Amino acid sequence: MKKLQISDHIILLLGVFFMVTPVVLAFLTSTHDAITIYKEGIQFTPGGEFLENYETVLFEAGGFTKEVNGFVMLKNSMILGLGFAVGKIVISMLAAYAIVYFRFPMATLCFWVIFSTLLLPLEVRILPSYEIVQSLGMVNTYSGLIVPLIASATGTFFFRQFFMSVPDELLEAARIDGAGPWKFFKDILVPLSQTMIAAIFIIMFVYGWNQYLWPTLITTDESMFTLVRGIKQILQVWVGAQIPDFNEAMALAILAIVPPVLIVVIFQSWFVKGLVESDK
Amino acid sequence: MKKVQFQSPWLPYLLLLPQLGIVTVFFLWPAAQAIQSSFYLEDPFGFGSTYVGLDNFKDMITSTDYGRVARFTAVFTFFVTVLSLGIALLLAVKADKVLRGASAYKTLLMWVYAVAPPVAGLIGVLLFDQHVGPIVDLFAMFGWKMQIGVNYFDTSFAMIVTAVWKQIPVNFIFFLSGLQGISKSVQEAASIDCRSGFRRFWTVTFPLLAPTGFFLLIINITYAFFDTFGIVDVIVKNEPGNNPVTLVYKVYLDGFRGNDLGGSSAQSVILMAMVFILTIIQFRLIERRVHYT
């Protein structure tokens, strides 16, 4: 028994090593200066340039593009992550409420129209989506960035499943007490869904923050770049450079990693619950 | 649907309006356009388009380039799915078993979920870099001189490793929650009947995990097809040339770089059909999972 436990720990430690090392190395690289890295390769110990590198990346406009700095990108990423998560939760809760709690003609049709979106990810209809957003004049706007991403019904599906599991007696009781649809939603359903809302918020925030293809197409104006979108710009500078700024590239990568990772780690139990339940 | 429901002539429509509006403008309309333009040949300078029937599809299927990309996508999907599922299952089984440090292992093995695919790709590019990358140094000791971005095989290797790394956490979380869902009494009964831990796993635990596994299989195939776009894009560094790319990347490449609207749309339509089939399978599995567990 004792021996078995040790081999289990060894396998787990190897797994942890495989998962953690790349990001640790990226972080260590971001604390050195570019010339050291270029000469000696990736560094395995912390260096002394931590503050300088992160300051350059965050505040010095022109590190890469002369117009945008890491702080602006961080702000844009926040707007995308929060806007997407909040927008999706509000819209999909309302839609799921209508579908589950109301009897109306064409309910089935609406249901199928909304859930057909689960069938096609944005990537396969990317070109026409781009053209439509362009013709609406929404290129380089936050709404053009966020709203088309909300079109997928994952959130609605999730809340529908949850509302279906809420006991019918609650609605009966509320109706006997004379509560209308709005009061029932606001005073009973929303408070009941709190944990679910938190869980879906975490997943959607991470999803929005990590978007890449869509922001790459929709934001051409550098002041609209998100951190993840900025990666492409880093590479273009990188490919052409004499001495590549590995340190600054990695500092930006770390900036892009830290906020979503913190949220996932801090709210781990909600996140796991949301992930496992929402995909059911 | 609920037994008791509200009735109102206009309120449900009002509640559905935002969602239906977004779906119509940003989903139904573009999807219809993709299908429509797959039957047309667009003038590259934007002067109208001609109806060409199934020509775009014919061109696509007969082009050697498409065949090459399709083959790579199949190989890529196979390795990413098998490796990330296998490694995650092993880790989940062990994490479910250990008594000490279980929650620390759990956190350390799943946080990579939050790393964006292109960021994973960027870290991959760094670690596999020809001048500074430690992985290249490591393999050079065994006589393998890696050239990412130049050598087709080496680039594929780096792409697969990065994609697997990024996908392990999701699989790990699902497998672990599946394992924890297996009742303790079943496990105890099994351990009385069978001493060998390995055999117990294959005959009792593995079959009970099968629904989760099938479900994850679909999720992983979808991931390898679509969500790896960022990894592919960053690793080929805007120079697709002779580098391996996936089908989704080719849709983007032909549509936005090559200005071949019709061809790109035809590829989209094929991908739509593929996702459609996968999703139908997924829904059927979900139904089963809900019914029997």
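Which aspartates and glutamates does A:LYS39 reach when only Cα atoms under 20 Å apart count, and residues fewer than 8 places away in its own chain are ignored?
Those aspartates and glutamates meeting the cut-off are A:GLU49, A:GLU52, A:ASP245, A:GLU248, B:ASP129, B:ASP137.
Under 5 Å between amide hydrogens, which residues at least 5 positions from A:ALA151 or on another chain qualify, with H placed 1.01 Å from N in the peptide plane?
The list, which skips near neighbours in sequence, is empty: none.
Run lengths n ≥ 4 of DSSP H only: what is the helix-derived mean residue ellipticity at 222 nm for chain A, with -39500 (n - 2.57) per run over all residues, to the nearest 500?
That comes out to -22500 deg cm²/dmol.
So what's the back-of-envelope 222 nm ellipticity for chain B, counting only DSSP H runs of four-plus at -39500 (n - 2.57) apiece and dividing by all residues, rounded to 500?
-21500 deg cm²/dmol, from helical runs alone.
With only alpha-carbon pairs counted, each pair once and no self-pairs, how large is the Kirkwood hydrodynamic radius of region A:163-220 in angstroms? If you can, show how the numbers build up before the last one.
Details: mean 1/r = 0.0707 Å⁻¹.
One decimal place: 14.1 Å for the Kirkwood radius.
With θ set to phi - 60°, apply the Karplus curve 6.51 cos²θ - 1.76 cosθ + 1.60 along region A:200-205 and write out the HN-Hα couplings as whole Hz, x wherever there is a Gly or Pro.
Each residue's phi maps through the Karplus curve to give 5, 4, 4, 4, 5, 4 Hz.
Out of A:ALA256, A:LEU192, A:ALA85, whose Cα points farthest toward the positive end of the dipole of region A:2-278 (charges: +1 Lys, Arg; -1 Asp, Glu; placed on Cβ)?
Value: A:LEU192.
Give, rounded to the nearest 20 debye, the magnitude of the charge dipole that chain B has about its Cα centre when Lys and Arg contribute +1 at Cβ and Asp and Glu contribute -1 at Cβ. Numbers along the way, then the final one.
Values: 21 positive and 17 negative charges, 309 e Å.
That gives a dipole near 1480 debye.
Using a Gaussian network model of chain A whose springs link C-alpha atoms within less than 10 Å, name the residue from A:MET73, A:MET164, A:MET138 with the highest mean-square fluctuation.
Comparing A:MET73, A:MET164, A:MET138 in a Gaussian network model of chain A, the most mobile one is A:MET164.
In µm²/s, what is D for region B:59-132 at 20 °C and 1.002 mPa s, where D = kT/(6 pi eta Rh) by Stokes-Einstein and Rh is the Kirkwood radius from Cα pairs?
Details: Rh = 15.7 Å.
My calculation gives 136 µm²/s for D.
Within 10 Å, count the other beta carbons around each residue, average over each peptide in A:217-224, B:93-100, B:221-228, B:187-194, and list them highest first. Mind showing how you got there, number by number?
Details: A:217-224: 18.0, B:93-100: 16.4, B:221-228: 21.4, B:187-194: 12.4.
Listed from highest to lowest mean packing, they are B:221-228, A:217-224, B:93-100, B:187-194.
For peptide A:204-214, what's the mean number of Cβ atoms from other chains within 10 Å of each residue's Cβ?
4
Dipole of region A:43-125, Cα-centred, from +1 at each Lys and Arg C-beta and -1 at each Asp and Glu C-beta, to the nearest 20 debye? Write down the numbers at each step before the final one.
Details: 5 positive and 6 negative charges, 146 e Å.
It works out to roughly 700 debye.
Other chains near A:146-154: what is the mean number of their Cβ atoms within 10 Å of each residue's Cβ? Kindly include the intermediate steps, with their values, before the conclusion.
Working: counts 0, 5, 5, 2, 6, 10, 4, 4, 0.
Whole-number average of other-chain Cβ neighbours for A:146-154 is 4.
Roughly what would the spin-label model give for A:THR220 and B:ALA32, points 7 Å off Cα along C-beta, in nm?
Taking the two extended label points, one gets 2.7 nm.
Give me the number: length gained by fully extending A:MET164 to A:LEU82, i.e. 0.36 nm times residue separation minus the C-alpha to C-alpha distance, one decimal in nm. Write out the running numbers ahead of the final one.
Working: separation 82, 0.36 × 82 = 29.52 nm, distance 2.69 nm.
Contour length minus the Cα-Cα distance gives 26.8 nm.
Please compute the length gained on full extension between A:LYS39 and A:LEU13, using 0.36 nm multiplied by the number of residues separating them and subtracting their Cα-Cα distance.
On the way: separation 26, 0.36 × 26 = 9.36 nm, distance 3.16 nm.
Taking 0.36 nm per residue and subtracting the Cα distance, the gain is 6.2 nm.
Which whole-number percent is the relative contact order of chain B (Cα, under 8 Å, 6+ apart)?
On the way: 287 pairs, mean separation 81.7, N = 293.
With pairs under 8 Å counted, the relative contact order is 28 percent.
If we count every other residue with Cβ under 12 angstrom of A:SER152's Cβ, Lys/Arg +1 and Asp/Glu -1, where does the sum land? Intermediate values should be presented prior to the final figure.
Numbers: positive: A:LYS88, A:ARG125; negative: A:GLU123.
That sum, taken over residues with Cβ under 12 Å, equals +1.
Where a ≥ b ≥ c are the square roots of the eigenvalues of the C-alpha gyration tensor, would you call region B:145-293 rounded, which needs a/c under 1.5, or, failing that, prolate if a/b is larger than b/c, or oblate?
Working: a/c = 4.15, a/b = 1.89, b/c = 2.19.
The shape class here is oblate.
Can you list the HN-Hα couplings for region B:247-261, worked out from phi with the Karplus curve (6.51, -1.76, 1.60; θ = phi - 60°), rounded to whole Hz and with x for Gly and Pro?
4, 5, 5, 5, 4, 5, 4, 5, x, 9, 9, x, 6, 9, 4
I'd like the orientation of helix A:70-101 relative to chain A: the angle between its Cα long axis and the longest Cα principal axis, in ° from 0 to 90, rounded to 10.
Helix A:70-101 sits roughly 20 degrees off the main axis of chain A.
Apply the Karplus curve 6.51 cos²θ - 1.76 cosθ + 1.60, θ = phi - 60°, to the phi angles in region A:47-55 and return the couplings in whole Hz, x for Gly and Pro.
x, x, 9, 3, 4, 4, 4, 5, 5
At a Förster radius of 41 Å, what calculated FRET efficiency corresponds to the Cβ-Cβ distance of B:ARG195 and B:PHE153, to the nearest 0.05?
On the way: r = 45 Å, r/R0 = 1.09.
My answer for the efficiency is 0.40.
Percent relative contact order of region A:26-168, based on C-alpha pairs within less than 8 angstrom and at least six residues apart?
Details: 97 pairs, mean separation 32.3, N = 143.
Normalised by residue count, the contact order of region A:26-168 is 23 percent.
Using only Cα atoms, what Kirkwood radius does chain A have, in angstroms? Show your work: numbers first, answer last.
On the way: mean 1/r = 0.0458 Å⁻¹.
Result for chain A stands at 21.9 Å.
Taking the Cα centre of the protein assembly as shown as origin, sum charge times position over the Cβ atoms of Lys and Arg (+1) and Asp and Glu (-1), and report the length of that vector in debye to the nearest 20.
On the way: 37 positive and 38 negative charges, 443 e Å.
Using Cβ point charges on Lys, Arg, Asp and Glu, the protein assembly as shown gives about 2120 debye.
After finding the eigenvalues of the alpha carbon gyration tensor for region B:109-167, what semi-axes result from the square roots of 5 times each, listed largest first in whole Å?
Details: eigenvalues 94, 26, 20 Å².
Values for region B:109-167, descending: 22, 11, 10 Å.
Let me have the relative contact order for chain A, percent, based on Cα pairs under 8 Å that are six or more residues apart.
Working: 271 pairs, mean separation 88.3, N = 280.
After rounding, I find 32 percent.
Mind checking the full-extension length gain between B:LEU14 and B:VAL82? Use 0.36 nm per residue of separation minus the Cα-Cα distance, one decimal, nm.
On the way: separation 68, 0.36 × 68 = 24.48 nm, distance 4.59 nm.
Here the segment from B:LEU14 to B:VAL82 would lengthen by 19.9 nm.
Measuring from label point to label point, each 7 Å out along Cα→Cβ, what is the A:VAL90 to B:LEU54 span in nm?
4.8 nm
Quick check on chain B: take the gyration tensor over C-alpha atoms, sort the square-rooted eigenvalues as a ≥ b ≥ c, and tell me if it's rounded (a/c under 1.5), prolate or oblate. Present the calculation step by step, with values, prior to reporting the outcome.
Details: a/c = 2.25, a/b = 1.20, b/c = 1.87.
Here chain B falls in the oblate category.
Within a 10 angstrom radius of each residue's Cβ in A:170-183, how many Cβ atoms of other chains show up on average? Whole number is fine. Walk me through the intermediate numbers first.
Details: counts 1, 5, 2, 0, 1, 2, 0, 0, 0, 0, 3, 7, 2, 0.
Mean shielding count: 2.
Read the figures in this text as sums done on the coordinates, not as results from a lab. Quick caveat, the model's predicted, so the values are computed rather than measured. FYI the Cβ positions are ideal-geometry reconstructions off the backbone, even for glycines, and counts take in every protein chain you see.
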